[in-house]
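Okay, structure first, notes after.
What follows is calculated from the coordinates using simple rules that are stated; it is not laboratory data. Since the structure is predicted, the reported quantities are computational estimates derived from the model, not experimental observations. When we count neighbours, we look across all protein chains shown, and the Cβ atoms used for this are built from the backbone with ideal geometry, even at glycine.
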Amino acid sequence: MTSKQLKLTPKLFMGMVAGLAFVIAVACSGDSESTADETLPTSTPPPARAAKPNIAPELQTNKDVASDAGDATPRQGGVFNTLWSDPPTIDPHLVTDGTSYGIVIEVFSGLVRLGSDPVNPFEPDLAESWSVLENGTVYEFKLRKDLKFSNGDPVTAQDFKWSFERAAHPDTASTVAEEFLGDIVGIKEIVEGLATTADGIQVVDERTLRITIDAPKAYFIAKLTYPTAFVLNKNNVESLGRKWTDEPVSTGPFNLKEYRIGQRIRLERNTNYWGRVAYLDEVVYNLAGGVSMAMYENDEIDITSVGLADLERVQDPTEDINRDLVEVPPNFAVSYVGFNIKEPPFDDAAFRQALNHSVDKQLIADQVFSNLVKPAYGIIPPGFPGFSPNIKGLEFDPQLAKDLLAQSAYADPSKRPRIVLTVPGTGGSPGLTTEVVADMWRQNLGIEIEIQQVEWATYIQDLHRGRLQAWSGLSWQADYPDPQTFIDVLFRSNSAINYGGYANQKVDEFVVSAQTEQDATKRVKFYNDAEQIVVSDAAWLPLWWGVDSKALVKPWVKDYVFSSMTIPKFKNVWIDKE
């Protein structure tokens with residue numbers, strides 16, 4: 001989905017904040033550049049689990065990255081303050097961006113969740129266990145005993161059935177319900193308005209839910225970790241109508257206490273949470289904006305990313321602020337420039353290839369980011385399941401770029417349509433990377449473009465509706481540890497998240513074959529073959545993969561950790577402050 005470079009993101013993990021280097025991205029896309037100062041283009045969600053190089057790269061985690069609590073006992077109480085941005089939605093079934101995801105994942109929950117075990121990353125949440133039956137086509141979930149919503153109502157299997165069907169219903173207007181739930185028998189019929197219930201969702205009893213999918217799929221359980229599969233309280237939603245998110249009934253470790261648009265969001269501890277309740281009294285998201293480093297040094301917020309302008313100072317051991325410095329692991333994300341393949345001039349592969357070959361990403365990495373970013377020449381990030389070092393990317397070659405432009409249908413500038421590159425923002429600089437890429441297109445190919453800024457929520461809406469000709473300032477962060485979340489979700493021709501309308505029959509054949517392939521090696525090979533076609537076709541201009549970056553965390557904040565993926569985080573954070 002989409003997330004603002006605050007990862008998110010499914011799928012499309014993001015918290016959209018100017019000057020914040022670790023952003024939110026999830027099944028999501030994220031705004032990868034700041035309009036305040038040039039920060040590293042990463043999209044790691046603020047507080048999630050952290051990564052260590054010696055841990056299996058498929059799901060990097062390190063529970064001690066931002067904690068020096070030692071043997072101290074966690075205590076309840078205190079408020080955690082962070083800089084954020086207004087989320088486009090708080091409805092889990094509508095989430096497609098990291099800004100929303102970063103809040104929703106703390107308030108709502110589902111059957112399963114992503115955990116910290118790199119070998120078995122999926123762990124029970126509201127379901128205490130599940131079984132896979134009928135050769136992988138039936139999943140039976142057993143809910144925990146005495147589950148309650150935040151208002152005290154019981155949570156039952158019927159609530160999940162209603163929630164899944166509500167997510168798919170056309171009136172809900174979810175743009176990703178079919179992508180995340182469409183494997184369930186009957187969900188597509190609901191999405192298409194042909195039914196209101198799904199035969200593939202069976203309530204066996206109050207605590208038992210049986211789900212039947214259309215074929216064995218290795219990634220199905222992973223999809224259920226995304227907010228589209230979160231449970232909602234039917235009476236809460238139906239009694240309050242469109243305003244139900246003003247007073248949502250929840251199942252996560254926190255409740256929404258207050259939301260003042262453009263000012264703040266306050267979450268409070270959910271005392272009806274099924275497990276150990278959160279230590280924090282509140283999490284406060286500052287939505288008013290500001291310079292994050294200045295706010296951090298004034299004790300207005302408890303965490304900030306470190307931009308390039310402050311990097312030297314915070315790394316100086318003689319500076320007091322150096323004591324707050326922590327390493328942020330690379331997120332599983334790729335930032336990119338997207339093209340609408342259905343619109344000229346991007347309907348011409350040679351034109352798109354020319355744009356790719358004319359950008360010197362290594363020069364940008366050297367001169368703009370001091371070699372702190374890793375140029376991306378493929379889609380799947382290094383260390384992620386399915387990554388292949390053998391993908392041959394479209395590297396910088398200005399002469400080849402000129403030759404390809406000459407071969408394209410848009411070689412004549414007088415016959416070339418106006419090109420508008422849209423980025424999220426509300427004024428000021430569109431981001432140094434975007435400006436440098438545009439300058440390279442101009443210098444190396446003589447191609448002039450217009451850069452247009454739009455507000456984040458509008459940007460996301462226009463992206464989903466296919467209204468953008470070309471776009472930048474985004475990163476796509478993995479929703480779950482499976483190559484399907486990159487190659488299938490983003491480039492299958494009928495995917496709702498294929499924003500550029502890219503279509504290649506061979507790619508479709510590969511990803512469809514991978515969906516049901518049970519041999520892991522063969523399955524990855526299908527994705528790698530599809531990825532190579534996508535890269536060679538220049539469906540995107542990949543820019544950077546997630547990189548190591550740095551952040552500052554206040555010394556009184558304990559057990560605050562980072563992650564390469566979006567995982568619920570604040571339940572374990574506590575404050576050691578008199």
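Each peptide in 235-248, 142-155 gets a packing score, the mean of other Cβ atoms within 10 Å over its residues, and the list from highest to lowest is 142-155, 235-248.
Taking every DSSP beta bridge that has both ends in the range 334-545, the antiparallel portion is near 65%.
With a simple spin-label model that places each label point 7 Å from the Cα along the Cα-to-Cβ direction, the separation between Gln158 and Thr521 comes to 5.1 nm.
How charged is the neighbourhood of Glu509? Take every other residue with its Cβ under 15 Å from the Cβ of Glu509, and add Lys/Arg as +1 and Asp/Glu as -1. Surrounding charge for Glu509 is -1. Counting neighbouring beta carbons within 10 Å and listing from fewest to most, the residues Arg492, Arg264, Arg75, Arg416 come out as Arg75, Arg264, Arg416, Arg492.
Compared with the alpha-carbon gap, the fully stretched path from Gln461 to Asp117 is longer by 120.3 nm at 0.36 nm per residue.
Residues within the reach of a label modelled at Arg260 (point 7 angstrom out along Cα to beta-carbon, backbone nitrogen below 18 Å), restricted to the range 293-334, are 300-301.
Of all DSSP bridge pairs formed entirely within the chain, close to 80 percent run antiparallel.
Highest-first packing order for the peptide set 327-338, 307-318 is 327-338, 307-318, based on the mean count of other beta carbon atoms within 10 Å. Computed extension gain for Asp439 through Thr197, at 0.36 nm per residue and net of the alpha carbon distance, reaches 81.9 nm. Contact order, relative form, for the range 334-545: 36 percent (alpha carbon pairs under 8 Å, 6 or more residues apart, mean separation divided by residue count). Each of Tyr259, Tyr296 has some number of other Cβ atoms within 10 Å of its Cβ, and from fewest to most they run Tyr259, Tyr296. Mean separation of Cα pairs under 8 Å and 6 or more residues apart, divided by the residue count, gives the range 112-241 a relative contact order of 27 percent.
Here the dipole of the range 97-254 is about 220 debye; that uses its Cα centre as origin and unit charges on the Cβ of Lys and Arg (positive) and Asp and Glu (negative). Dipole check for the range 242-290: with +1 at the C-beta of Lys and Arg, -1 at the C-beta of Asp and Glu, and the Cα centre as origin, the magnitude is about 100 Debye. With a 10 Å Cβ neighbour count serving as the proxy for reagent exposure, in which order, fewest first, do Glu455, Glu165, Glu179 appear? With the sparsest Cβ surroundings first, the list reads Glu455, Glu165, Glu179.
If the chain linking Asp403 and Glu247 were pulled fully straight, counting 0.36 nm for each residue of separation and taking away their Cα-Cα distance, it would gain 50.3 nm.
Structure note, pairs Lys161/Lys188; Lys234/Lys569; Lys361/Lys554; Lys223/Lys525: Cα-Cα distances above 24 angstrom occur for Lys234/Lys569; Lys361/Lys554.
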